[in-house]
Every structure is written in C-alpha cells, then in structure tokens.
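First comes the structure, then the notes that go with it.
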Amino acid sequence: MKLVYHYIQSYASRILGSIIICALFCACVSNSETKTEVANKIDWPEFLRPHNMVWDSLPQQWKEAPHLGNASIGSMIHQDSNAIKLQLFHANVNDHRDNTFGWTAYSRPRFEIGALHLNPIGKIQGGECNLDIWNAELNGTVKTDRGEIRFRHFVHADDMVIITEISTTEGEREAQWSWHPEKAETTRNGYPRNKNEVQEYAKKYGEHHAETLKLFEPNPKGKQILKNGVNVWQQDLLSGGQYATSWSEIKKTEEERTLFVSISSTYPDNNAVDTAVKSVTNAINSNKENLTKRHRQWWHSYYPKSYVTVPDKALEKLYWNSIYRYGSTARQGRAFVNTAGLWFQGGSWPYVTHDYNTQASHWALPMANRLEQSAEVLEALFKARETLIKNVRPVEWQDDSAFLALSTAPDMIGSRDQDMRYWNLVGNLPWVLHNCWWQYTYSMDDKMLKNKLFPLLRKSINLYLKLIKEEDNKLRLPPTYSPETGTFEDNNFDLGLLRWGCKTLLQSCERLGINDPLIPKWKDVLERLIDYPADERGFRLGTDATSPVNHRHASHLLMIYPLYEVNIDQTGTKEVLNASVERFFNTPGLPAMVMTHAVPLATAIGNGNLALEGLKKQAADLHPNGLWHGSPCIEASLSIANGLQTMLLQDWENTIRVFPAIPDKWKDITFKNLRAQGAFLVSAKRIKGITASIRLKSLAGEPCQLKTDMINPTIAEGLGEIRIMGDGIFEIKIEKGAEIVITPK
C-alpha cells in the first residue's frame, strides 16, 4: 500500500497548484474555491429570491396558505369567505390531564387556538402575496370592489409577537379585525360520554381503563377580556394552567395601522394572560425599525450556515423551502419538530408521534449544519428523564429502564399501558435516541454524551435486555411491534435498534473511559444476537413474517437507514439490500410519507436515479404550499432536504462519502459547509459529472476518512496529510480548526 503525504507550505506553491488545476479542468476549479468563498461569493438575497413562495391569487384554504413561525408561535393566512383569516398557532398548547382521562389523544391533546379575521368593507375580488424566505416576511394585496388592502406580515424571530401591517385605500379604511376562537377540546373522536362507551373504550385501548376512566368533562369556557388596554382571549384548563391570545391594533394614520398578536401557554401556573399582554405591550413600545432589524438578523444568520445548489431547480426550491420551515418550527429552548409541526390543523393526531415522525422530521438538520434546530429533542428527553422511567411497565422494571410511548405531548408522559394496542412497541426511545446520537457525532460534545445521552440510551437498551431470551445459544427477541405493520418474533425493527444500541454504548464507554458493569452483556448481545431474518424479498418483518406488499413504514429496514448497520461496503450484502429497498420503494399509496424513508434507503445503496425518482414522487404529492396530509404530517415536507442531502454526502462507518448517489442527469453540483460526523464541515463541487474539489474543515480534531471518486486527490491548499487506504478511501490528517482543499492532481 502506497503512503502519500502532501504538504503545502508556501503561498507560491498554492498558486502553482491552482494554475495546474485550472489547466487540467478548463478553469473549472480556481484558487477562489477557498474558505472565503462561502462568506463572500454567495449573494444570499439574490440566491434565495427564486425560492420564495409566490401566490398570484389569494390562497383559499390552509393547504394553500403561506405559513410562518419562530418555533413557539406561528401563523397562516388565507381567504375565508369574504374575510382574510389569520390563523394562530402555539407549539405547546395542550391539555395536562392524567391517565384517568385516557391516553394522550384524550388526556393531553394539542389544541387549536383560533383566528383573527380581517373583514373588508367591500367584496373580495382577488389579490396576491409573496413569502420572502430570506426575510421570513409575507407581503401581499387584497383587492375588493371598494379598494385595496396591502399588508406586510411576519412572526418575529426572537420576540413572542406576530405583526401585521396594513395599508388601505379610502374605500377600505374601516376594515376591521374580529376574533374567532376554537374550543379547548381534543379533535380526535371517541372519548366516552357514558358508562357504556367507557366499556367500549376499554375493549379497544385496555381493560384497565374500565375501572379508572372518567367520563368526558369539558374545560371551562374561554372568555374575552381587556387588560391594560390589550384584548385577550383567556382559556383556563380543568387540570390547571391556561393559555391566552392577546392582540391590539395601533393606528399610524387613517390609511396605515399595525396589529400586534401574541400567544402564551403556562402550566401549572396561570399567568399566560400576563405573559401574552406583556409581549404585545413591549412590541408596541419598541422601536419599529429595530424590531424588524432584529427579526431579519436572526434569519440572515440562519441561512448561510450551509449552501446547496443542484441542477433540478424545482427540487432545489423545495430544499430551501424545507430549510425555511425548519427555522420556523424547531429551535433549541423552544420546540422540537412534532408530528404536525407548528401549524396544527386538528384531526385524529393531536399529539406527538415517536414511532417514525419525530425521527424522520429531524434527519436533515445535523447535515444541514443546523444543530440548534435539532438540539431540543435531546433536551426534551433529558428534562423528562424521570417521566421516561415512570412510563415503564411492569412497574418493577423501573429500577433501571426507560420507555417512550408512541403518542405523547411534549412532556413525554405516556405509560406503556396507556394504549394496549402498542404494548409491544418498545423501540421508540432508542430510535429517537439515534437522532440524539447524531446530535453528538456531528458536534463531538463529550459533555452532552456523558451527562445526557449515555444515561438515557443505557436505560432504553435495558428494557430490551429484560425482554431478550436465549435459544440454541442464540439471543432472540419475543414478539414485539414493528411500527405500522404489527407484532412479530425477532422483529427486524427491534433487532436493528438493539444491535445499534449495544454497539453505541460500547463506543461511548471507550470514548468516555467508563468501565460499565454491563459491558460484558452488551458484547454478548453483539456476538450472539440472531441475524436479521431475510428471504428473497429482502429483510423480513421478523422470523414469522415476510415483508408485506403494501407498507408505509420502513421500520423493518432501519438497519439500512438510518442505522447503516447493514451497508454496501460489507461483503455479501448487495442482493439483500437491493431486494429490500426496491420492494419498499414500489409501495403503492401515500408516496410523500413513504418516500421520506424510501429516498435515503435508495441513496444508502448508491442508487441516485432511484432516489431522484422518489424525490419527484414526493414533491408531486405535497399540497400547493408544500405541506402534506390533513393535520399536516410535517416530516413528509421537511424530508425533501434529507433525501437530497444523502445524494450529496453520507457519513457512516467513520467515513465521509462525497457525492455517493448522484443521478446520471445531474452534472454540475455545489454544496458548502454541510456537516459530517466527527464535526467536519464539508464543501464540494462537481463539474460536468466530475468531482473537481472537496474542502474539509475540522471543528473537533477527530480522525477522518474520505471516500471519493476523485482520481489521485491531492491537497491544493492548507496543511494536512492524505494516506491511501484503497477502494477510493483516503485517510485525512487535519488539525482541529484547520481547513484543506483537495483536488485531483
């Protein structure tokens, strides 16, 4: 094996290297491909302008509506009869009853809040609007038979206030806002109203409910009050706490006025009214130019964290629309992305679902170099660590185990027996913790690993260790539940998570220097755990069931993605990988949701053409405003970003893979500052189907292996070393904080 060391020690040699590269690649790669290019060469307002969401007529329903938010409060705007509906949202407005009121859909459901309607004097005849994603502001015009109403609307990035400025012509000066609240009750049907219905409920969700379930009891009626000159809708809750919506309109001139709105939710305290009123009052008293400036500063610093451009401009637009939505619906200290995202529309799922939606909703964020948007998942789990222990059943297992139910509120409350349909669904917590593991590996924050992630993962895997059984010197799992499919023995969903969990706990102990007493047990599991059941169709659901023809969750394929426990670099895996992915990829129905997982599965086996086909299916099934389904289901929208990213960059088995699954049609591609595991920032350019340059920056000084199709790569800029490993893999030595540019020699 040839060992190659390449040092660039002088400015002159860097210039010479650039001249040679320019000659070889027809000036496609130049010395401008340096660390200054990301900061200086992208005109972000101009780049994002084609990705704005534009309506040449007024949207007529929420599925068409522009949507805005700051990961705590949010809005949508669309026409509703002869009014403009400003629908309001709060990420954490939900009930707080205990299990005597049933499982989460009935005891702790999320609530719709309500809307303010702008009622014009004349009859609406048309209009248009433009959501400027660079500034996260909506501008538009409403045309009536009496005049025009022009508006500028945004949800402040930092402050808990929603601002709508309107300017009217003479015939519409008297247009007025009116308040339309929603009831503080679950939007899921089926809560018992009499004793007979209690028995039916118990048959469906668990016999123990027959003795404990309380009959329906409504929350107190909301009321409108005036406090400190601000209008308030106050909604108290039967179980304690309250939420409140406050608003006030300030006139500047006869033609110009501004509406300030805030929403607050508190529990167990009853001070939401005070908080909401204070937010509105502070905004009214603020310098308006400074208010806008601070809002824009947040968004202008948010977008440049990474950059992606691809030949398919329709998909590129959806990618950046997804990045916009992430900035609107997830942030550390506020909210993680839940099933509906910020813009909940009622329906049968008024809760957070952890059997796929939480996980898939966050897949794109670490690689997009937006760790703040994914950090709240681990924070929420850590805050609820005692709750996760109390969720465990049987109770005697609570000594060293933790459990996360399929459905919870953001507080993670949900015992294993709250909904007996899913008693055997035990893999939610380790699966969500895999997202948290990415949060660690993309940051290499050992303090986070030691204090938060490792203790939670250890308890989640302990639940599996209590279930595991021995047979013929093999370790096996009893029948457990594979999401959206059913209960199967040696369920591949749980085998994958158990194997990954034990391996990760061992890696963590080695990293942190922990001599855990369970180390021998985790090693034993890895040595003796039964192989993944498979047949001619690929990986089975379990030993007792093949993969079905129609399944909308790829839960049985976690070992391929996102775990990469079975991958294309392993000997003898090609046949089972191809059979598994192609079978799932052809699942009929619900393509947007299915493609959320199918596309990265295709890229995991290096099939860029299949992945592109999936992304186009996914895009075609979205609503006109880019959301999906009836609540909505936000992961089907956000995952466009993840699917596209995994075409450009992958990082597993300690190796960064650049352009691993590029469609044949895509020749010219550039990405900058995508983040890879080991805390590396990666930038790359592909010109006419050839990888022209790769830039690496080490944020943590971790070991690095790079896989590329670049022939004879050499360091053209920066200090580092390259060692040839074979099969297109190179060991890169680079100091913490250092940056190198690699080009073909």
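Is it the case that some residue within segment 98-110 is hydrophobic (A, V, I, L, M, F, W, C), out of contact with any Lys or Arg (no Cβ under 9 Å at 6 or more places or on another chain) and closer than 25 Å to M53 by Cβ? Before the answer, list the steps.
First pass over segment 98-110, keeping only residues hydrophobic (A, V, I, L, M, F, W, C): 101, 103, 105.
Narrowing further to those that are out of contact with any Lys or Arg (no Cβ under 9 Å at 6 or more places or on another chain): 103.
Those left that are additionally closer than 25 Å to M53 by Cβ: none.
Scanning segment 98-110 turns up no residue that is hydrophobic (A, V, I, L, M, F, W, C), out of contact with any Lys or Arg (no Cβ under 9 Å at 6 or more places or on another chain) and closer than 25 Å to M53 by Cβ.
Being under 30 Å from D56 (Cβ atoms) and small (G, A, S) narrows it down to one residue among G614, G689, G678; which is it? Let's see the steps before the verdict.
Details: G689 fails: under 30 Å from D56 (Cβ atoms); G678 fails: under 30 Å from D56 (Cβ atoms).
The conditions single out G614.
I'd like the full set of residues that are closer than 17 Å to S631 by Cα and in a strand (DSSP E or B), limited to segment 74-95. First the steps, then the outcome.
The first filter runs over segment 74-95 and keeps only residues closer than 17 Å to S631 by Cα, leaving 74-78, 87-94.
Passing the criteria: G74, S75, M76, I77, H78, Q87, L88, F89, H90, N94.
Checking the structure you have, find out if any residue of segment 265-273 is touching a strand residue (DSSP E or B) at 6+ places or on another chain (Cβ under 8 Å), in a helix (DSSP H, G or I), at pLDDT 95 or above and not acidic (D, E).
Yes, segment 265-273 contains at least one residue that is touching a strand residue (DSSP E or B) at 6+ places or on another chain (Cβ under 8 Å), in a helix (DSSP H, G or I), at pLDDT 95 or above and not acidic (D, E).
Taking E582 and the conditions (1) part of a helix (DSSP H, G or I); (2) at pLDDT 95 or above, which numbered condition does it fall short on, given that it satisfies the others?
Status for E582: all satisfied but (2).
Here is a check on your reading of the model: is E731 modelled with pLDDT of 95 or more, open to solvent by 40 Å² or more (accessible area, probe 1.4 Å), not in a strand (DSSP E or B) and not small (G, A, S)? Working first, answer last.
On the way: modelled with pLDDT of 95 or more: yes; open to solvent by 40 Å² or more (accessible area, probe 1.4 Å): yes; not in a strand (DSSP E or B): no; not small (G, A, S): yes.
So E731 does not fit the description; no.
Of the numbered conditions (1) surrounded by 20 or more Cβ atoms within 10 Å (Cβ to Cβ); (2) touching a helix residue (DSSP H, G or I) at 6+ places or on another chain (Cβ under 8 Å); (3) touching a residue at least 60 places away in the same chain (Cβ under 8 Å), H153 satisfies every one except a single condition; which is it?
The single condition H153 does not satisfy is (2).
Can you go through S81, S57 and tell me which one is under 28 Å from E254 (Cα atoms), free of Cβ contacts under 8 Å to residues at least 24 places away in the same chain, polar (S, T, N, Q) and open to solvent by 10 Å² or more (accessible area, probe 1.4 Å)?
Values: S57 fails: free of Cβ contacts under 8 Å to residues at least 24 places away in the same chain.
Going through S81, S57 in turn, the sole match is S81.
Just give me the residues in segment 404-430 being of a type in the set (D, E, K, R) and outside any loop (DSSP other than H, G, I, E, B), in sequence order.
Filtering segment 404-430 for residues of a type in the set (D, E, K, R) gives 411, 416-417, 419, 421.
The one that is of a type in the set (D, E, K, R) and outside any loop (DSSP other than H, G, I, E, B): R421.
Kindly list the number of the only condition in (1) hydroxyl-bearing (S, T, Y); (2) touching a strand residue (DSSP E or B) at 6+ places or on another chain (Cβ under 8 Å); (3) more than 28 Å from T573 (Cβ to Cβ) that fails for S443.
(2)
In segment 701-728, which residues are assigned to a strand (DSSP E or B) and either touching a helix residue (DSSP H, G or I) at 6+ places or on another chain (Cβ under 8 Å) or within 20 Å of K672 (Cα to Cα) (or both)?
C704, Q705, L706, K707, P713, T714, I715, A716, E717
I'd like to verify a number: residues in segment 484-520 that are at pLDDT 95 or above, crowded, with 16+ Cβ neighbours inside 10 Å and on the phi < 0 side of the Ramachandran plot, how many? It would help to see each step written out before you state the result.
First, pick out the residues of segment 484-520 that are at pLDDT 95 or above: 487-520.
So of that shortlist, the ones also crowded, with 16+ Cβ neighbours inside 10 Å come out as 487-506, 508-509, 518.
Among the residues that remain, those that are also on the phi < 0 side of the Ramachandran plot are: 487-489, 491-506, 508-509, 518.
Number satisfying all stated conditions: 22.
When you scan segment 547-573, how many residues do you find that are open to solvent by less than 10 Å² (accessible area, probe 1.4 Å), at pLDDT 95 or above and assigned to a loop (DSSP other than H, G, I, E, B)?
So the count comes out to 6.
Test V576 against the stated conditions and say whether it is surrounded by 16 or more Cβ atoms within 10 Å (Cβ to Cβ) and under 30 Å from P624 (Cα atoms). So that I can check it myself, show each step before the final result.
Working: surrounded by 16 or more Cβ atoms within 10 Å (Cβ to Cβ): yes; under 30 Å from P624 (Cα atoms): no.
It is false that V576 is surrounded by 16 or more Cβ atoms within 10 Å (Cβ to Cβ) and under 30 Å from P624 (Cα atoms).
So which residues in segment 360-403 are assigned to a helix (DSSP H, G or I), more than 25 Å from R325 (Cβ to Cβ) and in contact (Cβ under 8 Å) with a residue 24 or more places away in the chain?
Going residue by residue through segment 360-403, those that are assigned to a helix (DSSP H, G or I) are 360-362, 371-383, 385-390, 395-399.
The next check asks that each one be more than 25 Å from R325 (Cβ to Cβ); those that pass are 382, 385-390, 395-399.
Selection gives F382, R385, T387, L388, I389, K390, W397.
Return the residue satisfying two criteria in turn: it lies in segment 217-232 and is open to solvent by less than 70 Å² (accessible area, probe 1.4 Å) and in a loop (DSSP other than H, G, I, E, B), and of such residues it is farthest from G190 (Cα to Cα).
Result: G229.
E635 passes all but one of (1) surrounded by 24 or more Cβ atoms within 10 Å (Cβ to Cβ); (2) within 21 Å of D569 (Cβ to Cβ); which number fails?
The one condition E635 does not meet is (2).
Please enumerate the residues belonging to segment 156-192 that are among the small types (G, A, S), open to solvent by less than 20 Å² (accessible area, probe 1.4 Å) and touching a residue at least 60 places away in the same chain (Cβ under 8 Å).
A157, A184
Suppose the filter is of a type in the set (S, T, N, Q) and buried (at least 24 other Cβ atoms within 10 Å of the Cβ); does N428 pass it? Steps first, answer last, please.
Values: of a type in the set (S, T, N, Q): yes; buried (at least 24 other Cβ atoms within 10 Å of the Cβ): yes.
Yes; evaluated as a whole, the condition is true for this residue.
Please verify whether I715 is touching a His at 6+ places or on another chain (Cβ under 8 Å) and either closer than 20 Å to F659 by Cα or surrounded by 15 or more Cβ atoms within 10 Å (Cβ to Cβ) (or both), treating the condition exactly as stated.
yes
Pairs please, first residue from segment 679-692 and touching a residue at least 60 places away in the same chain (Cβ under 8 Å) and on the phi > 0 side of the Ramachandran plot, second anywhere and assigned to a strand (DSSP E or B) and open to solvent by less than 10 Å² (accessible area, probe 1.4 Å), Cβ atoms under 9 Å, 6+ apart in sequence or on different chains.
A679/S698
Results for (1) surrounded by 23 or more Cβ atoms within 10 Å (Cβ to Cβ); (2) outside any strand (DSSP E or B); (3) at pLDDT below 95, shown as yes or no for each residue.
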| position | (1), (2), (3) |
| --- | --- |
| R97 | no, yes, no |
| T100 | no, yes, no |
| Y106 | yes, yes, no |
| H117 | no, no, no |
| G122 | no, yes, no |
| G127 | no, no, no |
| L131 | yes, no, no |
| N135 | no, yes, no |
| T141 | no, no, no |
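Is it true that some residue in segment 337-346 is open to solvent by 10 Å² or more (accessible area, probe 1.4 Å), modelled with pLDDT under 95 and either of a type in the set (S, T, N, Q) or under 21 Å from R108 (Cβ atoms) (or both)?
Yes, some residue in segment 337-346 is open to solvent by 10 Å² or more (accessible area, probe 1.4 Å), modelled with pLDDT under 95 and either of a type in the set (S, T, N, Q) or under 21 Å from R108 (Cβ atoms) (or both).
Is it the case, given these coordinates, that G606 is assigned to a loop (DSSP other than H, G, I, E, B), under 20 Å from M559 (Cα atoms) and not β-branched (V, I, T)? Reasoning before the result, please.
Details: assigned to a loop (DSSP other than H, G, I, E, B): yes; under 20 Å from M559 (Cα atoms): yes; not β-branched (V, I, T): yes.
Here the answer is yes, as G606 does meet what is asked.
Restricted to segment 195-216, and to residues that are under 16 Å from D98 (Cα atoms) and of a type in the set (F, W, Y), which residue is most open to solvent (accessible area, probe 1.4 Å)?
F216
How many residues does segment 351-391 hold that are buried (at least 22 other Cβ atoms within 10 Å of the Cβ) and more than 18 Å from the chain's Cα centre (by Cα)?
Total satisfying the criteria: 2.
Looking at segment 144-163, which of its residues are in contact with a strand residue (DSSP E or B) (Cβ under 8 Å, 6 or more places away or on another chain), of a type outside the set (A, V, I, L, M, F, W, C) and farther than 20 Å from M53 by Cβ? First the steps, then the outcome.
Looking only at segment 144-163, we keep the residues that are in contact with a strand residue (DSSP E or B) (Cβ under 8 Å, 6 or more places away or on another chain), and these are 144-145, 147-156, 160-163.
Adding the requirement that they be of a type outside the set (A, V, I, L, M, F, W, C) leaves 144-145, 147-148, 150, 152-153, 156.
T144, D145, G147, E148 - these are the residues of segment 144-163 that are in contact with a strand residue (DSSP E or B) (Cβ under 8 Å, 6 or more places away or on another chain), of a type outside the set (A, V, I, L, M, F, W, C) and farther than 20 Å from M53 by Cβ.
Checking the condition under 28 Å from H208 (Cα atoms) and aliphatic (A, V, I, L, M), which residue from A71, A105 passes?
Numbers: A71 fails: under 28 Å from H208 (Cα atoms).
Result of the check over A71, A105: A105.
Identify all residues within segment 132-152 that are within 15 Å of I84 (Cβ to Cβ) and under 25 Å from the mean Cα position of the chain (by Cα); write none if there are none. Working first, answer last.
Initially, segment 132-152 is screened for residues within 15 Å of I84 (Cβ to Cβ), giving 138-144, 146-152.
Scanning segment 132-152 gives a single hit, L138.
The values are calculated or read from the model by the stated rules, or taken from the named source; none is laboratory data. Computed from a predicted model, the values in this text were never measured in an experiment. Please note: Cβ atoms are built from the backbone with ideal geometry, for glycine as well, and neighbour counts cover all protein chains shown. Protein only, heavy atoms only, side chains kept; ligands, DNA and RNA dropped before computing areas. Shrake-Rupley method; radii C 1.70, N 1.55, O 1.52, S 1.80 Å.
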